[in-house]
Amino acid sequence: MLYLITPTYARETQFVDLTRLCQTLLLVPRVHWIVIEDAEDFSPHVTQFMAECGVNYSHLHAATPPLRKGRICQKIDRRIGCTEHRLGLRRNGNEGLVYFADDDNTYSIELFKRMRSIKTIGIWRVGFLGKMRYGGPLSEMTPEGPKLTGWHVGWDPNRPYPLDMASFAFAARLIEDNEVHFPIQAPPGQLETMFLERLLGRNAKLEVMDTDVTRVLVWHTRTERPSLGLEGKLPEAPNTPVI
Ligand code: UDP
Ligand code: MN
């Protein structure tokens, strides 16, 4: 089973992103989608969306502590979702793989196919990262398989494991083997590397997946906020849709 952990929060384009991700996941076998609302309570719209989405899922909620939502975090590390990710981890069994799938990225189903070969921690490159066309591990082929040779990273390349949340997936059992918790107190931008350091404890190593150097299979996309300058200025239409 592949467990995808997706934090999500209310905004104009929330259902745009959830719809796109959901419809990608409908093409992926053996997937369990853990969707965690960054909110004090369940939203009825997300609840209905999940019930109708057709993907095997768990729906949770956990509000990110206000501390994490501060100005610095917003600016440098908008990902946040720390609480959400951590909650998702706790709910996992020890079988299968875990992948943190932000709701606004774009995923090729080929990525999910290739993930199945991960033994401990699989890593790969992500499109549009750190002000570059792509970022992540560099590798060369050896008789023993692909070997990690370095990193191609725009932002803070001195981090021990300078990866994006979308750049890795791992065996769920590592969480329990290494007693890993999500580093909720991580300074902005250090969440991934701190988490990986913990995960790498016993019996785990980074397995480079992207030896096919011509391809990127996940992109760090963002959905543009629509222009809503006239919203609320016209008389309210009947049957306002949920969008
Ligand atoms: N997110 C959240 N609460 C927030 C901000 C973001 O749950 O206050 C979720 C968001 O829906 C996404 C993930 O956390 O699944 C990463 O957020 P975002 O895409 O804004 O981060 P960025 O792409 O800028 O790193
Ligand atoms: Mn994003």
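The values are calculated or read from the model by the stated rules, or taken from the named source; none is laboratory data. Values in this document were obtained by computation on a predicted structure and should not be read as measured data. Note that each Cβ is placed from the backbone with ideal geometry, even for glycine, and that neighbours are counted across all protein chains shown.
Please verify whether F42 is part of a loop (DSSP other than H, G, I, E, B), farther than 20 Å from M1 by Cα, at pLDDT 95 or above and over 16 Å from the mean Cα position of the chain (by Cα), treating the condition exactly as stated. Break it down into steps so the answer makes sense when it comes.
On the way: part of a loop (DSSP other than H, G, I, E, B): yes; farther than 20 Å from M1 by Cα: yes; at pLDDT 95 or above: yes; over 16 Å from the mean Cα position of the chain (by Cα): yes.
So F42 fits the description; yes.
Does at least one position in region 140-161 carry a residue that is outside any loop (DSSP other than H, G, I, E, B) and within 16 Å of ligand 2 (Cβ to nearest atom)?
First pass over region 140-161, keeping only residues outside any loop (DSSP other than H, G, I, E, B): 140-142, 145-152.
Add one more test, that the residue is within 16 Å of ligand 2 (Cβ to nearest atom), and what stays is none.
No, the conditions are met nowhere in region 140-161.
Does Y134 satisfy the condition of being within 16 Å of ligand 1 (Cβ to nearest atom), more than 21 Å from R215 (Cα to Cα) and either among the acidic types (D, E) or modelled with pLDDT of 90 or more (or both)?
Numbers: within 16 Å of ligand 1 (Cβ to nearest atom): yes; more than 21 Å from R215 (Cα to Cα): no; either among the acidic types (D, E) or modelled with pLDDT of 90 or more (or both): yes.
Taking the combined requirement at face value, the residue does not satisfy it.
Residues being within 16 Å of ligand 2 (Cβ to nearest atom) and either touching a residue at least 60 places away in the same chain (Cβ under 8 Å) or among the charged types (D, E, K, R) (or both): count how many of those fall in region 112-130. Write out each step before concluding.
Within region 112-130, the first condition is being within 16 Å of ligand 2 (Cβ to nearest atom), and the residues that meet it are 126-130.
Filter again for either touching a residue at least 60 places away in the same chain (Cβ under 8 Å) or among the charged types (D, E, K, R) (or both), leaving 126-129.
Here the count works out to 4.
Does G127 qualify as being within 23 Å of Q190 (Cα to Cα), at pLDDT 95 or above and not in a loop (DSSP other than H, G, I, E, B)? If you could, list the steps in order and put the result at the bottom.
Numbers: within 23 Å of Q190 (Cα to Cα): yes; at pLDDT 95 or above: yes; not in a loop (DSSP other than H, G, I, E, B): yes.
Yes.
Quickly run through region 131-144 and pick out the residues that are in contact (Cβ under 8 Å) with a residue 60 or more places away in the chain and on the phi > 0 side of the Ramachandran plot.
Our first condition is that a residue be in contact (Cβ under 8 Å) with a residue 60 or more places away in the chain; within region 131-144, this holds for 134, 136-137, 139, 141.
Passing the criteria: only G136.
If you go through region 7-16, how many residues are more than 11 Å from F49 (Cβ to Cβ) and either among the hydroxyl-bearing types (S, T, Y) or surrounded by 15 or more Cβ atoms within 10 Å (Cβ to Cβ) (or both)? Quick ask: steps written out before the conclusion?
At the first step, the residues of region 7-16 found to be more than 11 Å from F49 (Cβ to Cβ) are 7, 9-13, 16.
The next check asks that each one be either among the hydroxyl-bearing types (S, T, Y) or surrounded by 15 or more Cβ atoms within 10 Å (Cβ to Cβ) (or both); those that pass are 7, 9, 13, 16.
Residues in region 7-16 being more than 11 Å from F49 (Cβ to Cβ) and either among the hydroxyl-bearing types (S, T, Y) or surrounded by 15 or more Cβ atoms within 10 Å (Cβ to Cβ) (or both): 4 in total.
Can you pull out every residue in region 25-54 that is of a type in the set (V, I, T) and crowded, with 19+ Cβ neighbours inside 10 Å?
Kept after step one, since they are of a type in the set (V, I, T), are these residues of region 25-54: 28, 31, 34-36, 46-47.
Those that are of a type in the set (V, I, T) and crowded, with 19+ Cβ neighbours inside 10 Å: V31, I34, V35, I36, V46.
Give the residue that is farthest from ligand 2 (Cβ to nearest atom), with candidates limited to residues of region 4-32 that are closer than 27 Å to A171 by Cβ and at pLDDT below 95.
Checked region 4-32; the qualifying residue farthest from ligand 2 (Cβ to nearest atom) is H32.
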